[in-house]
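**Student:** The structure follows.
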Amino acid sequence: QAQLVESGGGLVQAGGSLSLSCAVSQIIFKTSDMGWYRQAPGKQRELVATITSDSRIKYADSLEGRFTISRDNAKNTIYLQMNGLKTEDTAVYYCNADFRGRLFWGQGTQVTVSS
């Protein structure tokens with residue numbers, strides 16, 4: 001069973017930065033398209049950013065260039081650098097792997113942005 005383990009969430013003031021990491025099982029990582037999603041209280045889970053196995057990147061339009069997704073194939077890890085955080089970025093952030101059509105999810109990490 002593949003495992004995805006997120007880390008790096010926490011509490012930050014508006015305008016601050018956080019960096020999230022997601023460590024992924026080696027057996028699936030290199031051929032998986034990866035992504036970050038988030039779910040705020042009372043809202044549906046939404047796409048934040050994706051990065052394919054060959055490092056093509058897509059971001060949600062609403063992010064306005066504040067977030068950066070990356071992957072390190074040597075460490076089986078993806079990252080999400082979040083700058084200029086806003087209170088509306090408060091959510092549980094989930095790591096996702098699409099491995100040959102099978103979807104795997106991490107347990108989520110809480111990001112809270114205070115005003």
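The values are calculated or read from the model by the stated rules, or taken from the named source; none is laboratory data. Predicted, not measured: the structure shown is a model, and the values here were computed from it. Don't worry about glycine lacking a Cβ; one is built from the backbone with ideal geometry, like all the others, and counts go over all protein chains shown. What goes into the accessible areas is simple: the full protein's heavy atoms, side chains included, and nothing from ligands, DNA or RNA. Shrake-Rupley method; radii C 1.70, N 1.55, O 1.52, S 1.80 Å.
**Student:** Could you tell me the ratio Rg/Rh of the chain? Both radii from Cα atoms, Rh via Kirkwood.
**Tutor:** Radius of gyration over Kirkwood radius for the chain works out to 0.95.
**Student:** Under a plain spin-label model, where a point goes 7 Å from the Cα along Cα-to-Cβ, how far apart in nm are THR68 and THR31?
**Tutor:** In this crude spin-label approximation the distance works out to 3.1 nm.
**Student:** Please report the antiparallel percentage of DSSP beta bridges with both residues in the chain, rounded to the nearest 5. List each step's numbers first, then the result.
**Tutor:** Details: 38 of 42 bridges.
Taking every DSSP beta bridge within the chain, about 90 percent pair in antiparallel fashion.
**Student:** Accessible area per residue of the chain at 1.4 Å probe, in Å²?
**Tutor:** Each residue of the chain exposes 54 Å² on average to a 1.4 Å probe.
**Student:** Just flag the trypsin sites (Lys or Arg not before Pro) in the range 45-115 sitting in loop per DSSP whose Cβ has no more than 16 other Cβ atoms within 10 Å.
**Tutor:** Taking the range 45-115 and a limit of 16 other Cβ atoms within 10 Å, the loop trypsin sites (Lys or Arg not before Pro) found are ARG45, ARG56, ARG66, LYS75, LYS86, ARG100.
**Student:** Ok, one more. With charges only on Cβ, +1 for K and R and -1 for D and E, what is the dipole size of the range 25-115 about its Cα centre, in debye, rounded to 20?
**Tutor:** Value, rounded to 20: 220 debye.
**Student:** Right, another one. Explain nothing, just the number: relative contact order of the chain, from Cα pairs under 8 Å at least 6 residues apart, as a whole percent.
**Tutor:** 37 percent
**Student:** Also, I was wondering about something else. Within the accessible area of the chain, what % is carbon and sulfur when the probe is 1.4 Å and the other protein chains stay in place?
**Tutor:** Of all accessible area on the chain, carbon and sulfur atoms account for 48 percent.
**Student:** In addition: Within straight cross-link reach of LYS43, meaning Cα distance under 19 Å, which aspartates and glutamates are found once same-chain residues fewer than 8 apart are removed?
**Tutor:** List returned: ASP61, GLU88, ASP89.
**Student:** Moving on. Looking at the range 1-100, which GluC sites (Glu not before Pro) are in a loop (DSSP not H, G, I, E or B) and have at most 15 other Cβ atoms within 10 Å?
**Tutor:** For GluC sites (Glu not before Pro) across the range 1-100 that sit outside H, G, I, E and B with at most 15 neighbouring Cβ atoms in 10 Å, the list reads GLU64.
**Student:** Modelling each spin label as a point 7 Å along the Cα-to-Cβ direction, I'd like the GLN3/LYS58 distance in nm, to one decimal.
**Tutor:** 3.0 nm
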